[in-house]
Structures are given as C-alpha cells and as structure tokens.
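The next block holds one structure in the form of structure tokens; read it before the comments.
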Amino acid sequence: MTKYAILGFGTVGGGLAEVMAAQKERLAAVAGDELELGYILVRHDYPDSPWQDKLVKDFAVIESDPDVSVVAEVIGGVGPAFEYSKRAILAGKSVVSSNKELVATHGLELAAMAKEHGVSYLFEGSVGGGIPLLRPLSRCLAANRVDEVYGILNGTTNYILTAMDEQGQTFAQALAQAQKLGYAEADPTADVEGIDACRKTAILADLSFGGNLDPTAIPTTGITALAPADLELARALGYAVKLLGRAMRRQEGCLAFVEPHLVPLGHTLASIGGVMNACAIRGSAVGEVIFCGPGAGRHPTASAVAADIADAVRHRKDPMIPDLGKAGGALVPAGGLISPWYVRAMAEPDEVHAVFPGVKLIYGSTQECGFITPPMDEPALRERTALLDSRAALRVLA
Ligand code: HSE
C-alpha cells in the first residue's frame, strides 16, 4: 500500500481525487501497489466533501508523514506550490504537478532537487492537460532530433477564437461567453495575453532543445487585439486564426514565440475547435506527429496527474525525472523568421499593389482588405506595412 497526498482541492484537485478513486484497480496495476489517498491539502472547509476525513490545512501534516511517498501539487501559481514542492522533495517524497507556471519557472531547480533526493518529479498535466504529450516527446520520440514543436496550447483562447470565427462574435463577447461557461477565469489575463501558452511553450522547448528558457523572455502576443474582421478575412482567404506557441531548433539556439497565426484550413490544427488543444512535433525520423485532445478540465488534467502518481510509485527505486535544462543555445529573436504574413488594411487595390505587387485581395464587410504577402522577415514586413493604412498583421503558418 502506498499513500499519496493531493495539494489543492480546486477543479483539478477534486477531479484527481475522483479519477484516483474511480480507477483504483487500474492505477494499482500500473503502480505495482495499491494507492491510498492520505490527505488533501485545502485552504477552506468543505463540509459536504466525501473526502472530509482526508482534508488537512497544514502542509506539515503531509510533510511529516513518512508513509506518504507521492505528493500531487495541483495548487497552481508559484508561491505555496513551489515551497510545498521543495519541502516534499526534501522529505523524500516524489512530486507530480500540473502547474505549468511552476514547471516553466522553477522546474529545473525542482528536477535537480528530485535527482539529489532520489525521487520522481513528473508534470505530464502541465502541457496539453489530458493529452499524453511530454512522455511521448521525451520517451517515445527518443530516436528523433526534434526540430520543431508548435501547437494550440491554451483552451480558453481557442474557445474564444472558435466563437469569434463561427458566431461572428467580438473578442469581448466571446470572452464573456467563455467566462459564463466556466472556461475562462474571472481574471483571464494569463490566457488571453498568451502567458499561459508561453509557459507551456517554454516547457516544450526545454524538453526538445534544452536551454531552460526564461518564459518571460519569450516574445508573446495574445489575442486581445484581434478583430472579427481578421477572422472573417482569414476564412475568406482559406485560413483559421489560431494562437500558436512555437519553438524551433536553430544552430545558435532555440527560436520560440507565441502569436496568433493564420493556419491553412487544410491543416489539422485549423480543425481543432473550442477548448481542445493540439501539438505538432517534427522529428528527424518520424516526420510530423500531432497530438490533440482536451487541454484543460477537471478529469482530463486529472487523467495525466493520476498516471504520474502511478508512475512515480512504480519507479520508486528508479526515479523518473524529465530531462530539463540540457545544454542548449540561447533564445534566438523571432523577428528573423521568414514567413508569409496576413495583412488587413484600409486601402484600394492599387495602393496595396504598389507595396505588395501581385497579392490577391479579399474585401470584407468592414471595407478593409486582407491579403497574404510573400515570405519575408518581420522588419521587411513592418517597413512595407508602414506605407499603408494597415490595421493588423499576423504570421501565416507555412
Ligand atoms: N487556462 C488554461 C487553458 C488551463 O485555458 O488552457 C489549462 O492549462
């Protein structure tokens, strides 16, 4: 019998307790031992909870119980989550987490501590929620030099973009709907400004290329400036608008950024709607593989964390620690990446063609036109769009 503890009793923590109970036997088979919920660390009282006898408010109770060998940190944020993770590792307990902010900012330190103390540190649920992604990337694709990782890594923004596209809503209307349905947080800043996708991109980049990128240094643009006209013109041009996190191998390091992109309608990522996530990995042997599924949510994220608990128990004598912080180059500026661009402008065809000869123009319901430029880097694009009354410019996934 192995005892585990859950830190946090929000959406994921509650879902984790449910999934662990519902799949007790299956998880025991994977773990090679029966798994017993020892404690759930809470901040508030939950008088109606079926786990009443497991709720504790003091982390020291968990920390000092030698029978607890795995701690699932699903609190989120850095503050207490970081402190409890460190204390759990120091107490000889494996830590599993779905906390992308903590993994992106302090994952390397926690992984080093876990190594030193002979315990596992796993965080499959931190990127892509329920999608099996990090283990396939690190293990199943071990025979590949990964050259690029890119994807739709945030469910809230994908929900908003889908609503803007399919229902013609403005950003504000779609955000309000996402909040009403419980997809977006009351403070949606981290999602809509691309910060959440950026943290996930940093984790994917580190596992793929090393370098332990500082997420705050990754150029990040969210979706708040997108207008319904962009979705309308993009579709007329044959594209869907998606917020993509991208990381690519470069000779001198890693190029990583988060930006809204135009994705060709024939590309798998264009068909990923609502809160779903999808991540493409380009490897030297396999070519391109795409993983997709629910990137957030109570049971999908719990699915990944529960499997981490079982793996941590199974690997008690041979701890599992993803290879973060491998030697890697510095962050390469994204502006030099050559891409076609979508431009929205208030301009007559001859004005556009004087700057971008031969581009095909589409006029939408706002009198503005949209077009796709030939491939060029960002400075070249900015130099030309400055000559027009251009209202938006987005990279096209080529
Ligand atoms: N806020 C995140 C999202 C939750 O919308 O994708 C999962 O990381």
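Within segment 223-235, one or more residues are under 21 Å from residue 372 (Cα atoms), within 16 Å of the ligand (Cβ to nearest atom) and in a loop (DSSP other than H, G, I, E, B). Among the residues of segment 4-30, those that are of a type outside the set (S, T, N, Q), under 22 Å from residue 314 (Cα atoms), in contact (Cβ under 8 Å) with a residue 12 or more places away in the chain and open to solvent by 40 Å² or more (accessible area, probe 1.4 Å) comprise 18, 21, 30. Candidates in segment 132-153 are the residues that are assigned to a loop (DSSP other than H, G, I, E, B) and open to solvent by less than 10 Å² (accessible area, probe 1.4 Å); of these, the one that is nearest to the ligand (Cβ to nearest atom) is 153. Being surrounded by 14 or more Cβ atoms within 10 Å (Cβ to Cβ) and either under 30 Å from residue 288 (Cα atoms) or at pLDDT 95 or above (or both) is a property that residue 329 has. Checking each residue in segment 154-196 for being assigned to a loop (DSSP other than H, G, I, E, B), of a type in the set (Ser, Thr, Tyr) and within 16 Å of the ligand (Cβ to nearest atom) picks out only 183.
Across segment 314-322, a minimum of one residue is classified as away from the ligand (no atom under 16 Å from the Cβ), of a type in the set (D, E, K, R) and touching a helix residue (DSSP H, G or I) at 6+ places or on another chain (Cβ under 7 Å). Cβ separations smaller than 7 Å between residues 6+ apart or across chains give the following pairs from segment 356-380 residues that are open to solvent by 30 Å² or more (accessible area, probe 1.4 Å) to residues that are at pLDDT 95 or above and assigned to a loop (DSSP other than H, G, I, E, B): 367/346; 372/340; 372/359; 374/340; 375/338; 375/340; 377/337; 377/338.
I'd like to check something: does segment 241-263 contain any residue that is open to solvent by less than 10 Å² (accessible area, probe 1.4 Å) and part of a helix (DSSP H, G or I)? Within segment 241-263, not a single residue is open to solvent by less than 10 Å² (accessible area, probe 1.4 Å) and part of a helix (DSSP H, G or I). Listed here are the strands (runs of 3 or more DSSP E) enclosed by segment 321-398 that have at least 1 residues being in contact with a Phe, Trp or Tyr (Cβ under 8 Å, 6 or more places away or on another chain): 341-345, 369-372, 390-396.
Restricting attention to segment 31-56 and to residues that are acidic (Asp, Glu) and without any contact (Cβ under 8 Å) to a residue 12 or more places away in the chain, the residue that is surrounded by the fewest Cβ atoms within 10 Å (Cβ to Cβ) turns out to be 48.
The values are calculated or read from the model by the stated rules, or taken from the named source; none is laboratory data. If you're wondering where the values come from, they're calculated on a predicted model, not measured in any experiment. Glycine gets a Cβ as well: all are built from the backbone with ideal geometry, and neighbour counts include every protein chain shown. Surface accessibility is based on the protein's heavy atoms, side chains included, excluding ligands, DNA and RNA. Shrake-Rupley method; radii C 1.70, N 1.55, O 1.52, S 1.80 Å.
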